[in-house]
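This report refers to the structure that appears directly beneath it.
The values are calculated or read from the model by the stated rules, or taken from the named source; none is laboratory data. Just so it is clear, the model here is predicted, and its values are computed rather than measured. Don't worry about glycine lacking a Cβ; one is built from the backbone with ideal geometry, like all the others, and counts go over all protein chains shown. Please note that ligands, DNA and RNA were not included when accessible areas were found on the heavy atoms of the full protein model with its side chains. Shrake-Rupley method; radii C 1.70, N 1.55, O 1.52, S 1.80 Å.
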Amino acid sequence: MSNNNKIGWRFDNTYSKLPSSMLAKLPPTPVKDPELVILNHSLSKMLGLDFTNLTNKNLASIFSGNLLPEGSDTIAQAYAGHQFGHFTLLGDGRAIVIGEHVSKNNKRFDIQFKGSGKTPYSRDGDGRAALGPMLREYIISEGMFGLGIPTTRSLAVVKTGEKVIRETPLDGAILTRIAESHIRVGTFQYAVVAENKKNLKILFDYTIDRHYPHIKNSKTPAIDLLKIVINKQIKLVVDWMRVGFIHGVMNTDNMAISGETIDYGPCAFMDTYDPETVFSSIDQYGRYAFFNQPGIAKWNLARFAECLVPLISEDKNTGVQIATEIVNGFSKIYQKNWFEMMRKKLGLFGEDANDEKLIVDLLNWMHKKKADYTNTFCFLMNQNFKGKKIYNDESFLYWKKEWQERLKINGNSSEESLKLMRSSNPLVIPRNHKVEEALDSANNGNLNPTKNLLKILEKPYEDRKEINEYQLSAPPSNKIYKTFCGT
Ligand code: AMP
Ligand code: MG
């Protein structure tokens, strides 16, 4: 395509060269009448891409997949996964990676269209996506980026001009997702069950080359990879717990080896603190509830470790023993990281024997009093917002006194404590009622609330007048919030 040079695409496709059983080569299915809904200019810039001189019509052709850039090599990736604990063969059923773009600072990114039509992995699905869920992914993934949490990102959304049939006919849409890669725990699970046993080693070498080249010459690369991925996932889940994010569908196919948050389906942010919070309508037993997330991450990582056993040792028993020991180390590292994170949220430097009690007491109080998770920390940072009455509660005041006593033994000034808190506690999160409000308007053709919300979410730690209305908890009518996977 002649626009290539002007836009700045630098494709260097490597995944498409992997064994053919790991992927299917096919283009996105063209759409009828694409229309650009939103384009992420700051992300374009970060990628070294420039779309500013293109017409909306041109952009719609590009981001719908109707007009593929030169150098693209379009594929659907095969993978497997434990969905709610049950193993299934999967794959990109409605997504196409058009290629790997290498940005100016030589970082490699998958460019993927989500909602781009049927593939050999579509099973009974239509390969398509609706506008609401694609914009929802755009808002929340960009929100996560603003929060400083590793995540796939969203470059554009287009409407397809076609309807998708869900419970009712909805506007069809395609999201352009940017990821360090789409290699999942489930990709390894797929390689393990594949007929060609060589695929596991090929995927393993590919992953190390692409993500962790520093362990390429290690004597124990499989052990190193397992440890790295465990540590990345621990950091990620601790970040989720910090901001009250509930992923909602932590199946092994939705866990990225890069350590990025991936797959924004039924995810949502917790408002009222309750460790058992579940938003997803299909998560009937609370498998992916807020406080289960670390346990589930460990479970998924155990599945990853199982895949690596043959690469850890030629002797199966030895391999299993080593892998088990490493996975069992998860809990201790997680606890340490979680406490460190919670201390920061409370502005505590150093460690004190009573810290655990202090932290747990606050969480229990929030739970009992149905306090807003984000706003409680805002209150402790002297944020001015409505709904402060709850903090006159006697047991809270008692806790606060204990906390203030603990702050004194910091050895740091109160300014330093506040600074620490300010860097750990967002003032705004993508609140469910605000996200829904934005999506409702967008579905009616008004994108302004979405753009305003995105603007606020760019700098969630920064105090500005404009954030006030985004800090309020949901009105009582919104309290039974449900999210859906059938997107
Ligand atoms: P997810 O719940 O988004 O992680 O998706 C699980 C699996 O279902 C993946 O293999 C998806 O590609 C596939 N899938 C989800 N929605 C559709 C759809 N509308 N058409 C085809 N496949 C789909
Ligand atoms: Mg998925």
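Could you tell me whether SER44 is closer than 27 Å to ASN443 by Cβ and either surrounded by fewer than 20 Cβ atoms within 10 Å (Cβ to Cβ) or at pLDDT below 95 (or both)? Steps first, please.
Working: closer than 27 Å to ASN443 by Cβ: yes; either surrounded by fewer than 20 Cβ atoms within 10 Å (Cβ to Cβ) or at pLDDT below 95 (or both): yes.
Judged against the criteria, SER44 is a match.
Of the residues in region 388-418, how many are outside any helix (DSSP H, G or I) and either open to solvent by 60 Å² or more (accessible area, probe 1.4 Å) or among the hydroxyl-bearing types (Ser, Thr, Tyr) (or both)?
Of the residues in region 388-418, the ones outside any helix (DSSP H, G or I) are 393, 409-413.
Remaining after also requiring either open to solvent by 60 Å² or more (accessible area, probe 1.4 Å) or among the hydroxyl-bearing types (Ser, Thr, Tyr) (or both): 409, 411, 413.
Of the residues in that region, 3 qualify.
Whether any residue in region 255-268 is in the same structural domain as ARG210 (by TED's automatic domain parsing), away from ligand 1 (no atom under 16 Å from the Cβ) and open to solvent by 10 Å² or more (accessible area, probe 1.4 Å) is what I want to check. It would help to see each step written out before you state the result.
So the first thing to find is which residues in region 255-268 are in the same structural domain as ARG210 (by TED's automatic domain parsing), and the list is 255-268.
Subset that is away from ligand 1 (no atom under 16 Å from the Cβ): 258-259.
Okay, now just the ones that are also open to solvent by 10 Å² or more (accessible area, probe 1.4 Å), so none.
Checked region 255-268: no residue is in the same structural domain as ARG210 (by TED's automatic domain parsing), away from ligand 1 (no atom under 16 Å from the Cβ) and open to solvent by 10 Å² or more (accessible area, probe 1.4 Å).
Please tell me if ILE409 is modelled with pLDDT under 95 and among the hydrophobic types (A, V, I, L, M, F, W, C).
yes
Name every residue in region 278-288 that is of a type in the set (Val, Ile, Thr) and within 16 Å of ligand 2 (Cβ to nearest atom), in order of residue number.
Initial filter on region 278-288 (of a type in the set (Val, Ile, Thr)): 278, 282.
Matches in region 278-288: ILE282 only.
Within the set of pairs 6+ apart or on separate chains, which have a first residue in region 55-78 that is outside any loop (DSSP other than H, G, I, E, B), a second that is open to solvent by 50 Å² or more (accessible area, probe 1.4 Å) and of a type in the set (Asp, Glu), and C-beta atoms under 7 Å apart?
ALA60/GLU35
Among residues belonging to region 33-57 that are among the aliphatic types (A, V, I, L, M) and closer than 17 Å to TYR138 by Cα, point out the one that is farthest from the chain's Cα centre (by Cα).
Kept after step one, since they are among the aliphatic types (A, V, I, L, M), are these residues of region 33-57: 36-39, 43, 46-47, 49, 54.
Of the ones still in play, those that are also closer than 17 Å to TYR138 by Cα are 36-39, 43, 46-47.
Details: LEU36: 24, VAL37: 22, ILE38: 20, LEU39: 19, LEU43: 16, MET46: 19, LEU47: 19 Å.
So, considering only residues that are among the aliphatic types (A, V, I, L, M) and closer than 17 Å to TYR138 by Cα, the one farthest from the chain's Cα centre (by Cα) is LEU36.
If you check GLY99 against the conditions, is it more than 12 Å from ligand 1 (Cβ to nearest atom), crowded, with 22+ Cβ neighbours inside 10 Å, assigned by TED's automatic domain parsing to the domain that holds ALA60 and not in a helix (DSSP H, G or I)? If you could, list the steps in order and put the result at the bottom.
Details: more than 12 Å from ligand 1 (Cβ to nearest atom): yes; crowded, with 22+ Cβ neighbours inside 10 Å: yes; assigned by TED's automatic domain parsing to the domain that holds ALA60: yes; not in a helix (DSSP H, G or I): yes.
Here the answer is yes, as GLY99 does meet what is asked.
Taking region 190-203, which residues are open to solvent by 10 Å² or more (accessible area, probe 1.4 Å) and either within 15 Å of ligand 1 (Cβ to nearest atom) or under 26 Å from the mean Cα position of the chain (by Cα) (or both)? Write out each step before concluding.
First pass over region 190-203, keeping only residues open to solvent by 10 Å² or more (accessible area, probe 1.4 Å): 190, 192-198, 200-202.
TYR190, VAL192, LEU200, listed by residue number.
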